[in-house]
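The values are calculated or read from the model by the stated rules, or taken from the named source; none is laboratory data. Computed from a predicted structure; not experimentally measured. Please note: Cβ atoms are built from the backbone with ideal geometry, for glycine as well, and neighbour counts cover all protein chains shown. When the accessible area is computed, the model is the full protein with side chains, heavy atoms only, and any ligands, DNA or RNA have been set aside. Shrake-Rupley method; radii C 1.70, N 1.55, O 1.52, S 1.80 Å.
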Amino acid sequence: MTVRPVPVGLRVRNCLTRLSLTVALVAACVLACAGASAAGVTAIVGATVLHPELEGEAAVARDNTILIEGNRITTLGPATRTRIPRGATVIDAHGKWVIPGLIDSHVHFFQSGDLYTRPDVVDLNSLVPYAAEVRRNQAWLPQTFRVYLASGVTSAADVGGPFWNFEVRDAARASVAAPRVATTGPLISMIARPQLDLGDPPIIRIESPQAARELVARELPRKPDYIKVWYIHQPGEDLAAQEAIVRATADAAHAAGLRLAVHATELVVAKSALRAGADYLVHSVQDEPVDEEFIALARARHILYCPTLFVVSGYGYALSGLWQPTEAEQRLADPEVLARLHLPEGTPTDKLPERMRKLLAEPRAPALPQVAMQNLLKVWNAGITVVMGTDAGNIGTVHGPSVFREMDFMQRSGLTPLQVLRSATVNGALTMGVTDLGTIAPGKLADLVVLDADPLADLANLSRASYVFRDGRTFRPAELMKPLREPRGT
């Protein structure tokens, strides 16, 4: 059941709680009235079920059985006391762990993650024309959806792109093998990015509050899940005038019952965004430690905070020639994108922009984003809702398995594995605006991942899925990846 997002996070949480309880009661009634035979039931038997909304040992339920009928969980209980209906499909999950489906709260489907996807950052049109890159991304969407499911990501929030972003959401809804997708249209921006404009630009420069309101009005007929501002403030610019644009955008979004997502990476800009009405900060504050004013503003607005820690490092590795796939990316990422993260052998240096030539001449591994990591821990400890998101699609941050790099950075920031898992499930459901995602309980949507090893012992085990359930449908990661491994044309 999808609920129209509202501008205030606290109202969303209250709505989630009330509706989840109602759905659970209805599901219990349905189960009580059902017969003993159920050919459409799937039983996951004997698993250790993780409940990331709980704390400590309460989060771990050993030797449990989950019954799924249709697209919902109908029963959850101890294996020894849970009756399996005749005719059910049984998955033996002894020695396995079950978690809610992962939610990536920050992606961009119009980008691929390869070297050619952001010519405004590094212009490689002489090697691969940007128009060809975009056509490839559109044509390859079904396979991109598959890498998400194979990675255990059953929901993804696209926080800005061309108007054809809405067609991405439509395609996901029509597909039997795709994550749930929430989306919005072009970014309302303080700066122009003409290099990305092929007639349907993902980023549009707005110079007045009225122009911001007009762009929001253009998006509303497409039923966006939120509105997005790319809040880029440069030295010498009028912050108050820019804040007025953000406020006008927030007012227009809120009037339509939508939340406002904002890219704001500096402390002064993030506080300005919060004063103007931001509900969701899609990046960390990266330049200096967050202060008490920021914490107070964030608490007052009940915001979502997405740290998005790895993406800057992804650019650094890729543009300096140092990018290498992790073991999970070798198994689960689009192999063509992985290949396109390295220049073709023998590429003349005169075809490369100066920025890339310099990085390749003196390659250095990027440093950890220490300020952003420290701010994540401070924000979490202040009780602000943190959601996991990758910014996948940007150069060096591939769709799907980049979630594992991101969650590793979050743990290295000081969060526990259970807290990281909570950010990627329970809290991510708030980003999606879907009431019955993110936890495992009767009545909840059956978006689940069956893991071969304990993710609380090692977060890397999150990449080891034997089964993925999306809306009650069962998928095997190896089968999902098979079409991507087969030879294909350009």
With a 1.4 Å probe and every protein chain kept in, tell me what percent of the accessible surface of region 372-490 is carbon plus sulfur. 48
Could you run the Karplus curve 6.51 cos²θ - 1.76 cosθ + 1.60 with θ = phi - 60° over region 210-220 and give me ³J(HN,Hα) per residue in whole Hz, x for Gly and Pro? 5, 5, 5, 4, 5, 5, 4, 4, 5, 7, 4
In sequence order, what are the phi-derived ³J(HN,Hα) couplings for region 428-439 according to the Karplus relation 6.51 cos²θ - 1.76 cosθ + 1.60 with θ = phi - 60°, rounded to whole Hz, with x for glycine and proline? x, 4, 5, 4, 6, x, 10, 6, 10, 10, x, 9
Aspartates and glutamates within cross-link reach of Lys271: Cα-Cα under 14 Å, excluding same-chain residues under 8 positions apart? Glu243, Asp279, Asp287, Glu288, Asp291, Glu292, Glu293
Divide by every residue of the chain the summed helix terms, -39500 (n - 2.57) for each DSSP H run of at least 4, and state the resulting mean residue ellipticity at 222 nm, rounded to the nearest 500 deg cm²/dmol. -10500 deg cm²/dmol
Over the chain, with the other protein chains present, what is the accessible area per residue in square angstrom, probe 1.4 angstrom? 38
What number in nm² do you get for region 439-490 if you take the convex hull of its Cα atoms and divide its surface by four? 5.2
Span per principal axis, largest first, for the Cα atoms of region 194-325 (Å): 46, 43, 31
Mind checking Rg over Rh on region 168-227, alpha carbons, Kirkwood formula for Rh? 1.05
Rg ratio (alpha-carbon, reference 2.2 N^0.38 Å) - region 85-142: 1.97
Along its three principal axes, how long is region 234-297 when you only count alpha carbons? Whole Å, largest extent first please. 34, 25, 18
Cubic angstrom per residue, convex hull over Cα atoms of region 41-164: 165
Which whole-Hz ³J(HN,Hα) couplings does region 174-184 yield from phi under the Karplus relation 6.51 cos²θ - 1.76 cosθ + 1.60, θ = phi - 60°, glycine and proline marked x? 7, 8, 8, 10, 8, x, 5, 10, 9, 7, 9
Assuming a ≥ b ≥ c are the square roots of the Cα gyration tensor eigenvalues, decide whether region 292-359 counts as rounded (a/c under 1.5), prolate (otherwise, with a/b larger than b/c) or oblate. oblate
Can you list residues from other chains, or at least 5 along the same chain, whose modelled amide H is less than 5 Å from the amide H of Ile91? Ala43, Ile44, Val45
Bin all alpha-carbon pair distances of region 283-328 at 10 Å intervals from 0 and give each bin's fraction as a whole percent. 21, 37, 22, 18, 2
Hey, any idea what the orientation-averaged projected area of the convex hull of region 96-238's Cα atoms comes to, in nm²? 10.8
Semi-axes (Å, rounded, descending) of the ellipsoid equivalent to region 385-490 per its C-alpha gyration tensor are 23, 19, 15
Under 5 Å, built H, 5+ apart or other chain: amide partners of Leu187: Gly161, Ile203, Ile204
Using alpha carbons only, what's the Rg to Rh ratio of region 57-119 with Rh from Kirkwood? 1.22
Amide hydrogen neighbours beyond the local backbone of Trp323, cut-off 5 Å, H modeled: Ala318
Give me the one-decimal Kirkwood hydrodynamic radius in Å for region 36-83, with the sum taken over alpha-carbon pairs. 11.4
Over the Cα atoms of region 138-179, what Rg and Dmax result, in angstrom? 9.8, 27
Remind me, relative contact order of the chain in percent, using alpha carbon pairs under 8 angstrom and six or more residues apart? 23
Under the Kirkwood approximation for Rh and a Cα-based Rg, what ratio Rg/Rh is obtained for region 411-452? 1.02
What order do you get for 246-256, 335-345 when each peptide is scored by the mean count of other beta carbon atoms within 10 Å, highest first? 246-256, 335-345
Cross-link pairs Lys228/Lys444; Lys358/Lys378; Lys96/Lys444; Lys228/Lys378 - those with Cα-Cα distance over 27 Å: Lys228/Lys444; Lys358/Lys378
Take every Cα-Cα pair in the chain and report what % of them are more than 29 Å apart. 48
Please report the net charge: other residues with Cβ closer than 14 Å to the Cβ of Leu239, K and R +1, D and E -1. -1
Rounded if a/c is under 1.5, else prolate if a/b is larger than b/c, else oblate: which is region 194-263, with a ≥ b ≥ c the root eigenvalues of its Cα gyration tensor? oblate
Compute the Kirkwood hydrodynamic radius of region 284-435, taking the inverse of the mean of 1/r over all pairs of distinct Cα atoms, and give it in Å to one decimal. 16.9
